[in-house]
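The values are calculated or read from the model by the stated rules, or taken from the named source; none is laboratory data. Everything numeric in this text was worked out from a predicted model, so none of it was measured. Reconstructed Cβ throughout: ideal geometry from the backbone, glycine too, with neighbour counts over all protein chains shown. The accessibility values were calculated without ligands, DNA or RNA, using every heavy atom of the protein model including side chains. Shrake-Rupley method; radii C 1.70, N 1.55, O 1.52, S 1.80 Å.
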Protein chains: 2
Amino acid sequence: MSHAKNFYAGPSVLPVSVLEEIQKDMVDYKGSGLSLIETSHRSAEYGQVHKNAMNLVREIFGVPDNFKILFIGGGATLQFSMIPLNFLSGGKTCDFTLTGTWSKKAYADAKKVGNVNVVYDGKDNSYTRLPDPSTLKASPGSSYFHITSNETIGGIQWKDWPDTGDVPIICDMSSDIMSRPIPFEKFGMIYAGAQKNLGPSGFAVVIIRDDMLEKCNPNMTAFLDYKVHAEKESLYNTPPVFSIYAMSLVLEKVKAEGGLKEVEKRNKEKSKLIYDVMDKSNGFYKSPVDVSVRSDMNVVFTMANEELEKEFVAQAKAKQMVGLKGHVSVGGCRASIYNSLPLSDVVALVEFMQEFQKAKS
Amino acid sequence: MSHAKNFYAGPSVLPVSVLEEIQKDMVDYKGSGLSLIETSHRSAEYGQVHKNAMNLVREIFGVPDNFKILFIGGGATLQFSMIPLNFLSGGKTCDFTLTGTWSKKAYADAKKVGNVNVVYDGKDNSYTRLPDPSTLKASPGSSYFHITSNETIGGIQWKDWPDTGDVPIICDMSSDIMSRPIPFEKFGMIYAGAQKNLGPSGFAVVIIRDDMLEKCNPNMTAFLDYKVHAEKESLYNTPPVFSIYAMSLVLEKVKAEGGLKEVEKRNKEKSKLIYDVMDKSNGFYKSPVDVSVRSDMNVVFTMANEELEKEFVAQAKAKQMVGLKGHVSVGGCRASIYNSLPLSDVVALVEFMQEFQKAKS
Ligand SMILES: Cc1ncc(COP(=O)(O)O)c(C=O)c1O
Ligand SMILES: Cc1ncc(COP(=O)(O)O)c(C=O)c1O
Ligand SMILES: [Mg+2]
Ligand SMILES: [Mg+2]
Ligand SMILES: [Mg+2]
Ligand SMILES: [Mg+2]
C-alpha cells in the first residue's frame, strides 16, 4: 500500500528514502556483518556515524565555533530539569515567557529549583498571541531568559527575538528546529527533542555557548552536567545509537537538498497553502491564532462543532491522512507539517479541506 | 555475507530474527502505512507496543504486583543521578558496595548528593572478588543499599544477595538483567540500561517497589521523579519508541523459548565452555577473577603479553568474531556472551581459542 500522509505532531514524518535506507542496512550495516544497533558505541562504525551527525548539525545549522553540540538521551523534558539544575540552583533567578503548554511545563520545573520571573504570560489571550519581542526585557542579574520558539499544541511561533543584553536566551526549539536558519548570536543555548524535524525520538539536541558551560552548577551529578557531555563529545555513556544514526540520514538529505534556506522556503509554501484555504473558507475553518504568529509547523484549526471535526478527521484517515486530531488538551484539528512532509501531501490535504467544506455547506 | 559473531559488551548482540522483523516492518509497520518510528507515541499502534513491552517484562521476570515497571530515557548513567536525587537528598545516608568500574561511577554520583557509607571496597583485590553476602550489613537508618549485580568490565557477578533487613537494596543489573530469574523479594528497586540483554540502547528499565515511590523526594522536577513516570506509565513524555519496540521483540522471543530458567541454563552452558578452555590451557589463558564469582555474561581473560592479545583479537576478527578486546581501562580480552549470542558462536570461539593456543605453544 502507498505510504500514508503523516500529520502527526511527534514522533512525526520521516523521509521515505531515509526509512528505506535504514531498512536496507538494518541486519548488516554496510557489510560490517552486524546491525549498527548491536554494535558497540566505541566501534569505528558507530564512531563515524556519531561524528558525521555532529558535523552535519554544525554545517547545516551554521553553528559557530564557540558553541558545543550535545546529544543527550531523555528528550526535551529532561532538559526542563537540566536547565534549572545547572543554571538556577543556589538562589538564582531566571526569566520566562509563558506562551502555551510547553513553556508552562518548562516553567513548572524551573520554579522547583529557583526564582522565576514571568516576563510575559499569554493567559489573557488563551495563548493565541505572542508579545512584540522589542517590548521584552530581562531582569537584572537573571541567569537566563527562556523562550519556546514554537508552541506545538497552540500552533504559535516566534518570528523574531527579544534583545536581552547580557542575559542569555535559552530557547526550546523542539518543534521548529531545522525549519529555518537560527541566528545563534541571539542565543546562549538552544535545545530540541529529536522527534519532529530531526529524526526518531530518543534524545535531545542541545547547542550551548562555551561561556554557558563555564556557568554550570559545579556540583552536578555526571549525566545531568552539560560539561560532562561536552567534554566527552556526547559519548560519556551509551548514546541512543539508532536515533542518532537515523537523524544523520535526515541531515544528509537536508544538506543535499540545499540546507536551511531552502527548507524554510518550502515550509512557508506548505503552511501558506493551508492558511490560505482557511482564510478563504468564510469561517468554515477557523484559526484561533493571531495571523502574525501562525506556526509554519503546526497548523491548528477548528470547525463549527466537534461532530464536524470528528467527521473531518475520520474522512481524512480513510484517505490515508493521519494525525489530524488536535491535542486532547485543546481539541480541534492540527496539521503538523514538518520538514519531511512532501508538498504533495499538503496539496492533498487542502484539496480534501475544500471538498469537505463543499460537502458540508 | 554471514552474520558476524558478536562479543561486544554493549550495545551488543541481538537475535538475527529480531533484526529481520524490524527490517521487514521498518517502512510500513504492519500495514499502517507508516513506519512505527514516525508514528505518534499517543497512537493506537505505539500504545499497543508500549503496553505489550511492559506486560512481557512483568510476565517474563515475574514482577510482583507491588512493583512498577518504568522505561526511562537516558541510560543507566542517568539512574546514577536519579537514585540519589530521589532517595538521598536532604542529609540522608546510603550504603554502597564498591566492586568495580560501574559501582564506583554510581558511588561518585551518590556522594555528590548525600552521605555514602562504603560497606565493601574490593580495591585490595583489584576488584576480582566479591564479599560473602552473609557478612554484609546495612547501616541503621540507611536509605538504600547499592549493589552492581554484574561488573561488565571486571567480569565479576554476584551469585547471592545480602540480607539488609528494612534497608531496600537497589541493584544495577545493566549487564545481567534477564540472564537469570530475579528474586524480587530481596530488592527495593532494580535498574538496567537496555543495551545488553534487553535490546538496543536508548533507555533504562527500572522496576521499583511501591513503597519506594512513596519515599521519593517530593520536590523533584518532572523527568527526574520516579512517581511521574510511574503515574503516566512511562508516557509522561515521548518515549524512545524504536528501542522499546525492539526490546518487545526480544522479549517475545525469550518468552517463546521458555523464559528465564531456560535462558539461565543456556548462559551457564555457554560461559562454562569458555571457562573450561581457560582452566585447561595451562595458564595460556588466565582469568583474573575469583572462580566463585566469574560472570556468565562478560568473560575476561589475559595472555602472556599484550602482543599476543592483540594478535588474538585480530585473528578472531578475521574469522568474523568481533568485540573481543578488553575495555581500554583494564586491557586484556573480554568475550561478552549475552543471552542472544548463539551457542554455536561460543563454540566457534572456544575452538579458535584452542587453535590459537596450539599455534602459539
Ligand atoms: C515544544 C516542545 N517542547 C518540549 C517537548 C517535550 O519533548 P519530549 O517529549 O522529547 O520530552 C515537546 C514535545 O512534543 C514540544 O513540542
Ligand atoms: C553495569 C553497568 N552499569 C551502568 C552502565 C552505564 O549504562 P549507560 O551507558 O546506559 O548509561 C553500564 C554500561 O555499560 C554497565 O555495564
Ligand atoms: Mg507529522
Ligand atoms: Mg502549546
Ligand atoms: Mg555481545
Ligand atoms: Mg567493572
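List of remarks:
- Rough spin-label spacing in nm, given labels placed 7 Å along Cα→Cβ, for residue B:121 and residue A:48: 4.4 nm
- Only Cα pairs under 8 Å and 6+ residues apart enter the sum, and on that basis the relative contact order of chain A stands at 22 percent.
- Tensor-based shape of segment A:122-233 (alpha-carbon gyration tensor, a/c under 1.5 rounded, otherwise prolate or oblate): oblate
- With the simple model of a label 7 Å out from the Cα in the direction of the Cβ, residue A:111 to residue A:2 spans 4.9 nm.
- At 7 Å out from Cα toward Cβ: residue A:139 inter-copy label distances (nm, ascending): 3.9
- Each peptide among B:197-206, B:115-124 gets the average number of other Cβ atoms lying within 10 Å of its residues, and from highest to lowest they stand as B:197-206, B:115-124.
- Whole-Å distance, taken between Cα centres, linking segment A:243-283 and segment B:290-361: 50 Å
- Measuring r between the beta carbons of residue B:359 and residue B:24 and using R0 = 45 Å, the FRET efficiency lands at 0.60.
- Kirkwood Rh, angstrom, the protein assembly as shown [1 / mean 1/r, Cα pairs]: 26.7 Å
- Spread over its residues, the convex hull of the C-alpha atoms of segment B:259-360 is 102 Å³ per residue.
- Segment A:60-131 - percent relative contact order, Cα under 8 Å, separation 6 or more: 30 percent
- Overall form of segment A:17-256: prolate. Here a/c, set by the Cα gyration tensor axes a ≥ b ≥ c, is 1.5 or more, and a/b is the larger of a/b and b/c.
- Note that chain A presents 37 Å² accessible area per residue, ligands and nucleic acids not counted, probe 1.4 Å.
- Peptide B:190-202, shielding by other chains (average Cβ, 10 Å cutoff): 4
- For residue A:21, inter-copy label distances in nm, listed shortest first [label point 7 Å out on the Cα-Cβ vector]: 2.8
- Taking the centroid of alpha carbons for each part, segment B:15-31 and segment A:118-155 are 44 Å apart.
- Cα centroid of segment B:62-112 to Cα centroid of segment A:71-90, whole Å: 18 Å
- Spin-label model distance (nm) - residue B:347 vs residue A:256, 7 Å beyond Cα toward Cβ: 4.3 nm
- Axial C-alpha extent at least 15 Å, average Kyte-Doolittle at least 1.0 - helices from chain A (DSSP): A:241-256
- Given +1 at the Cβ of Lys and Arg, -1 at the Cβ of Asp and Glu and no other charges, the dipole of segment A:259-360 around its Cα centre is 120 debye to the nearest 20.
- As a calculated quantity, the FRET efficiency between residue A:281 and residue B:268 at R0 = 60 Å, using C-beta atoms, amounts to about 0.30.
- The magnitude of the dipole of chain A, with charges of +1 and -1 set on the Cβ of Lys/Arg and Asp/Glu and taken from the Cα centre, is near 460 debye.
- Rounded to the nearest 20, the Cβ-based charge dipole of segment B:199-260 about its Cα centre (Lys and Arg +1, Asp and Glu -1) stands at 120 debye.
- MRE, 222 nm, helices only [DSSP H, n ≥ 4, -39500 (n - 2.57), over chain B, to nearest 500]: -11500 deg cm²/dmol
- Identity and axial distance of the chain A residue whose Cβ lies nearest the axis relating A to B, Å: A:74, 2
- Given charges at Cβ of Lys, Arg, Asp, Glu: segment B:1-77 dipole, positive-most of B:52, B:32, B:22: B:52
- In this assembly of identical copies, the label point of residue B:125 (Cα plus 7 Å along Cα-to-Cβ) is separated from its counterparts by 6.9 nm, sorted shortest first.
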